[in-house]
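Step one of this worksheet: look at the structure below.
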Amino acid sequence: MSVTQNKRVLISGAGPVGLIAAYRLACEGVPVTIFEKEDRLLDDPRAATTHPATLEMLSELDLVDDMARLGLICREFRFWDRPTGDLVANFDHELLADETEFPYVIQCEQFKLASLVYERLLTFNHVDILFEHSVIDVTQDENYVTATVSNPDGEHFCTGAYLIGADGGRSVVRKSAQIAFEGFTYPERFVVFTTPFDFQLGRDYCYRNYFADPDEWSNLFKVSGDGPPGLWRAVFPTGIDESDDDVANESAAQGRMQKFFPKTGGYNIVHTNIYVTHQRVAECFAKGRVFLAGDSAHVNNPIGGLGLNCGIHDAMNLTEKLLRVWKGEADLGEMARYDIQRRTTNHEFVQEQTIQNKKRLEAKDPLARAQNLKELSEIASDPARAKKFLLRSSLIASVRRAETLG
């Protein structure tokens, strides 16, 4: 069956990036069809940190108050030297109070954000959200784009005016458009253990902590979960040759946690996630009537919490320009600005920072470690340098950089 919806935007993927793009368009009266391969919104623990620059964007959609209600407000993040237990640096977003309305991050799990947007999308008659519908191929000509969609009834064709690929790191949309995904994959994987144990008891940990260790670095974050007391997520690298069972079995999980955060008695580990980590950016984010956003356009390691934020920035930047095209205020060439702005800032900010963050935490050479930690301490101790550091880590600087491009 072929369905023609020429005056409609098609979106592949009902994660937070695809849903936010759909919501921004729907609020302006643009008809949208979303295809999601799963039978529901996913609710597994993934990204949670929402940075100030992203909160500024989401405030335009009136989402921030609900996110704060469902999450945790966090002003600070800290770097630690794990072998000594010393606090190396504390960064306080309050230094950005004269730069942004949101001098803090909100720790709100991405599935909660997706649910907030999904509920709002259900109020629009011109939005269709189709679960168990997988986009398996995309073609386009100068006037339309056609998605081949597989669902329980078979394969169908849907033709629209434009298509947004927000279908993840293995994006079918990106592959169908023959867009290269340039970069590399880390030899080790990352493992996340989630536990309700309260790491603030007897420790000076805030909600976001980064631990440098030449043997095995770690990150430790708090999210609200289903409510008080909340949940903590500990992130570690795995050995190159470790199997899933080597990493996730009860003894191995307890051993990793106790090595890093020793305590009396075992940990109640309520969720374990092991994943491959990449640093890749698509060679272009806009090709004709097809656009990439989120993980379909770029992936990176999670140290710094930049991946989802960058995807939301994609959604907002893309829809801003697509709305101008839709309203006849610009031609399709406008989308080249989306490509240059988002691809450049991903390289200059997200890729650069996340790669550096990992190198900083895992450094093994004693002199390099000492220099890294000394530099962090000196930056945090100097308000001017700390503010500059925060402008980058919060992605405010990347937004300002994008405005100079294209």
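The values are calculated or read from the model by the stated rules, or taken from the named source; none is laboratory data. From a predicted model like this one, the values you see are computed outputs, not experimental measurements. Here the Cβ is made from the backbone with ideal geometry for all residues, glycine too, and neighbour counts use every protein chain on show. Side chains are part of the model used for accessible areas, which takes the heavy atoms of the whole protein and leaves out ligands, DNA and RNA. Shrake-Rupley method; radii C 1.70, N 1.55, O 1.52, S 1.80 Å.
Descriptive notes on the structure:
- Verdict on LEU332 being open to solvent by less than 40 Å² (accessible area, probe 1.4 Å) and either in contact with a strand residue (DSSP E or B) (Cβ under 8 Å, 6 or more places away or on another chain) or at pLDDT 95 or above (or both): no
- Selected residue (criterion: surrounded by the most Cβ atoms within 10 Å (Cβ to Cβ)) from residues of the range 378-403 that are of a type in the set (Ser, Thr, Tyr) and assigned to a helix (DSSP H, G or I): SER398
- A search for C-beta distances below 9 Å between a residue of the range 68-85 that is among the small types (Gly, Ala, Ser) and any residue that is modelled with pLDDT of 95 or more and part of a strand (DSSP E or B), counting only pairs 6+ apart in sequence or on different chains, returns ALA68/ILE106; GLY71/THR50; GLY71/ILE106; GLY71/GLN107; GLY71/VAL223.
- When GLY255, GLY305, GLY202, GLY265 are checked against the criterion of being open to solvent by 10 Å² or more (accessible area, probe 1.4 Å), at pLDDT below 95 and either over 20 Å from GLY15 (Cβ atoms) or in contact with a Gly (Cβ under 9 Å, 6 or more places away or on another chain) (or both), a single residue qualifies: GLY202.
- Test result for LEU58, modelled with pLDDT of 95 or more and aliphatic (A, V, I, L, M): yes
- Some residue of the range 7-16 being touching a Pro at 6+ places or on another chain (Cβ under 8 Å), more than 24 Å from GLY305 (Cβ to Cβ) and open to solvent by 10 Å² or more (accessible area, probe 1.4 Å): yes
- Pairs with Cβ under 8 Å, 6+ apart, first in the range 86-106 and farther than 15 Å from GLU375 by Cα and in contact (Cβ under 8 Å) with a residue 24 or more places away in the chain, second of a type in the set (Gly, Ala, Ser) and part of a loop (DSSP other than H, G, I, E, B): HIS93/SER394; LEU96/SER394; THR100/SER394; PRO103/ALA97; VAL105/GLY305; VAL105/SER394; ILE106/GLY71
- Considering the range 25-132, the qualifying helices (runs of 4 or more DSSP H), each wholly inside and each with 2 or more residues that are over 24 Å from ARG324 (Cα atoms) and under 21 Å from the mean Cα position of the chain (by Cα), run over 64-70, 110-121.
- Residues satisfying the stated conditions in the range 335-356, i.e. β-branched (Val, Ile, Thr) and surrounded by fewer than 22 Cβ atoms within 10 Å (Cβ to Cβ): ILE340, THR344, ILE355
- Neighbours by Cβ (under 8 Å, 6+ apart or cross-chain): first from the range 168-183, within 12 Å of SER296 (Cα to Cα) and in a helix (DSSP H, G or I); second among the polar types (S, T, N, Q) and open to solvent by less than 30 Å² (accessible area, probe 1.4 Å): VAL172/SER12; VAL173/SER12; VAL173/SER296; ARG174/SER296
- Filtering the range 304-340 to residues that are out of contact with any Ser or Thr (no Cβ under 6 Å at 6 or more places or on another chain) and among the β-branched types (Val, Ile, Thr) leaves THR319, VAL325, ILE340.
- If you go through the range 309-329 and keep only what is outside any loop (DSSP other than H, G, I, E, B) and either open to solvent by 50 Å² or more (accessible area, probe 1.4 Å) or at pLDDT below 95 (or both), you end up with GLU320, ARG324, TRP326.
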